[in-house]
Each structure stands twice: as structure tokens, then as C-alpha cells.
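Visitor: For reference, the structure I am asking about is given below.
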Amino acid sequence: MMRRTTTISALVFAVVLTSEAQLRITKVEKLPLSTSQEWAHPRFSPDGKRIYFTTVQGNGIWVYSFQSRATRQITADAKSGGAFNISPDGNQIVYRRSLWDRKTKTRRQEIVLKNLSTGSSRVLASGPDVSVPVFSQDIVLYSIKGETKNLASIRNLDEVSILGIEETKIALVRNGKKV
């Protein structure tokens, strides 16, 4: 008797969520990805024409193009897939990679900005603990030791961006200020 009630409740709950969110599935497609890896953390490009993803371990970033039906690797950097974001115009990707020095047994993290058209990349910041980088408009925001970089450059005061977790609290950029 208890099992039947639980199942019915779960079905009703699923129907309510679906109708409230007004979800509509237009197409289901299985991507032709290698089965030698387990894939995770998919993100669509702003125009919806590509999907970015990483391995379950977060090592490397790949992109699949729906137009060309091809997959290519953007980076093989360690732990880059767990902390990446795509620019609003889809031309750049910013990510945090983690480097481990075996001699000193210390970790260093770097914020890397990569141009997806040219393939060129540059390191924006480095330190023992840097935040996940995000785009606010076309500007990369990140924090090092609680100080948010590039915040003064934000022009759109109506935008809200999630910076991440700082000192156990969620950090946001709202109205051009960090809260």
C-alpha cells in the first residue's frame, strides 16, 4: 500500500513541475561521443549551435557542433572543465585550471582566456586559490583572496552574475557591485 502511494505522489509531482515550467521538448538527440570517457557538465553556446562538456573528472573541455556534427577538444588542462564559462558572443571561453607542483606539494590555479576563433590563449591571473571565472557582458570577472577583478568595468547595471562561493557565502555582481 505504501509503495503505491509513493509512486502516485511522485507522478503527480512530476506533472505539476512540468506544467508549471511549461517545458516543451522539440527534439531528443544522442551525441556521437566516444564511449572511452564518461562525459559531464554540458553547457550550450549562447546561440544554441554548440554544446561544451568535460569528463566526469573535469579534465579538459570539448565542444560539439550541431552544424558540422564534429567534436573537437578545446583544452586538455587539468580541472579546466569544472570551472568554465562561454562569452555572450560565443567567441571566447574562460576557465580555471589547476596545476600541482609535486616537489613543493602545492597547488596553483590559473584563469585562462581562450579565443575560440584563433585558438590563442592567455593567462589572466594566477594564485593558490582563484574563483571560477565568469563573463559579465564581455568582461571576465574573478576573485583572488576576496578581491573581485574587473568589477569597475561593468557597464550594464541591470545584469546579475554569480561569482561563486566566497567565505561560505554566494557572491553575486548586482547593479555593478559585488554582494
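Visitor: Sort out for me the strands (runs of 3 or more DSSP E) sitting completely within the stretch 21-126 that have 2 or more residues that are surrounded by fewer than 11 Cβ atoms within 10 Å (Cβ to Cβ).
Guide: Values: elements: 39-44, 50-55, 61-65, 70-75, 84-86, 92-101, 106-115.
Answer list for the stretch 21-126: 70-75.
Visitor: Moving on. Does any residue in the stretch 46-62 that is on the phi > 0 side of the Ramachandran plot and in contact (Cβ under 8 Å) with a residue 12 or more places away in the chain come within less than 7 Å, Cβ to Cβ, of a residue that is open to solvent by 10 Å² or more (accessible area, probe 1.4 Å) and of a type outside the set (A, V, I, L, M) six or more places away or on a different chain, and which pairs are these?
Guide: Pairs found: Gly58/Lys79; Gly58/Gly82; Gly60/Gln73; Gly60/Thr75; Gly60/Asp77.
Visitor: What's the number of the only condition in (1) in contact (Cβ under 8 Å) with a residue 12 or more places away in the chain; (2) out of contact with any Lys or Arg (no Cβ under 9 Å at 6 or more places or on another chain) that Thr104 fails to meet?
Guide: Answer for Thr104: the failing condition is (1).
Visitor: Is it the case that some residue within the stretch 99-109 is under 22 Å from Asp138 (Cβ atoms) and touching a strand residue (DSSP E or B) at 6+ places or on another chain (Cβ under 8 Å)? First the steps, then the outcome.
Guide: The first filter runs over the stretch 99-109 and keeps only residues under 22 Å from Asp138 (Cβ atoms), leaving none.
No, because not a single residue in the stretch 99-109 is under 22 Å from Asp138 (Cβ atoms) and touching a strand residue (DSSP E or B) at 6+ places or on another chain (Cβ under 8 Å).
Visitor: Here is a further query. Return the residues of the stretch 127-144 that are under 24 Å from Glu167 (Cα atoms), open to solvent by 30 Å² or more (accessible area, probe 1.4 Å) and assigned to a loop (DSSP other than H, G, I, E, B); say none if nothing qualifies.
Guide: Those that are under 24 Å from Glu167 (Cα atoms), open to solvent by 30 Å² or more (accessible area, probe 1.4 Å) and assigned to a loop (DSSP other than H, G, I, E, B): Pro128, Asp129, Val132.
Visitor: Right, here's the next one. Of all residues being within 20 Å of the chain's Cα centre (by Cα) and among the charged types (D, E, K, R) in the stretch 109-157, which is modelled with the lowest pLDDT? Just the residue, please.
Guide: Here the answer is Lys149.
The values are calculated or read from the model by the stated rules, or taken from the named source; none is laboratory data. Just so you know, these numbers come straight off a predicted model, no measurement behind them. Cβ sites come from the backbone with ideal geometry, for glycine too, and all protein chains shown count toward neighbours. Each accessible area value is taken on the protein alone, full model and side chains, heavy atoms only, with ligands, DNA and RNA left out. Shrake-Rupley method; radii C 1.70, N 1.55, O 1.52, S 1.80 Å.
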